[in-house]
1. Just subtract the alpha-carbon distance of V64 and V115 from 0.36 nm times their residue separation and send over the number in nm, one decimal.
2. Return a whole-number percent for the relative contact order of the chain, with Cα pairs under 8 Å and 6 or more residues apart as the contact set.
3. Which shape class applies to region 1-97: rounded if a/c is under 1.5, otherwise prolate when a/b exceeds b/c and oblate if not, where a ≥ b ≥ c are the square roots of the Cα gyration tensor eigenvalues?
4. Considering the dipole of the chain built from charges on the beta carbon (Lys and Arg +1, Asp and Glu -1) around the Cα centre, which of T134, P7, Y19 is farthest to its positive end?
5. Considering only DSSP beta bridges where both residues belong to the chain, give the percentage that are antiparallel (nearest 5).
6. How high is the relative contact order of region 1-40, in percent, counting Cα pairs under 8 Å that sit 6 or more residues apart?
7. Taking amide H positions as placed 1.01 Å from N in the peptide plane, with prolines and chain starts having none, which residues 5 or more places from V78, or on another chain, fall under 5 Å of its amide H?
8. Search the structure for amide H atoms under 5 Å from the amide H of A108, placed 1.01 Å from N in the peptide plane, and list their residues when 5 or more places away or on another chain.
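Bear in mind these aren't lab numbers, they're just calculated from the coordinates by the rules spelled out. Just so we're clear, the structure is a prediction, and the values are computed from it rather than from any experiment. Using ideal geometry, Cβ is built from the backbone for each residue, glycine included, and neighbour counts are taken over all protein chains shown.
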Amino acid sequence: MSTGVRPVRDDRLAQTVEYAYASVADAPVRVIWTAGACPLDTEGRTVAVGSYAGQTHQVMRNLVTALAGVGASLSDVVKTTVHVASPRRSDLVEAWEVYREYMGAHDAPSTLLGVTVLGYADQLVEVEAVAVATGAPGPRAAREDVPAR
């Protein structure tokens, strides 16, 4: 099902970037904000310690799972922010290349940031997203009436 998400490029801006400069989501849609997806396994342990690529793979798998839980997918994403704990551009690029593998042809606008530190021990990468989807959430959606602990 198409959500109406359309990444938009403007020919007055550089066409060499791997993302659109804006996205349009045609209404009516459900808007989904994700927390930053982290490189944690199901036990809450940081995976691929020391590997930007390895952690980005786990981050993207976790993002896909979080989106699926509310009936959305990566093709529904309208914007992301990719956080990489490093001052080195090469580390940001390593994470970005894995991120792009998962996003495929869907070139949603994104911001890539080098940051000092992230929240979990040994964490190097985090990706947050905004998505839109049409219709009711999928069957695996989390209950909204359960208070957070």
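1. On the way: separation 51, 0.36 × 51 = 18.36 nm, distance 2.32 nm.
Length gained, V64 through V115: 16.0 nm.
2. Values: 296 pairs, mean separation 51.4, N = 149.
Answer for the chain is 34 percent.
3. Working: a/c = 3.07, a/b = 1.25, b/c = 2.46.
It comes out oblate by the Cα gyration axes.
4. T134
5. Details: 17 of 23 bridges.
The antiparallel fraction comes to roughly 75 percent.
6. Values: 29 pairs, mean separation 16.8, N = 40.
Once normalised by length, the contact order is 42 percent.
7. For V78, whose amide H was placed from the backbone, the distant partners under 5 Å are V130, A131, V132.
8. Long-range HN contacts for A108: A20.
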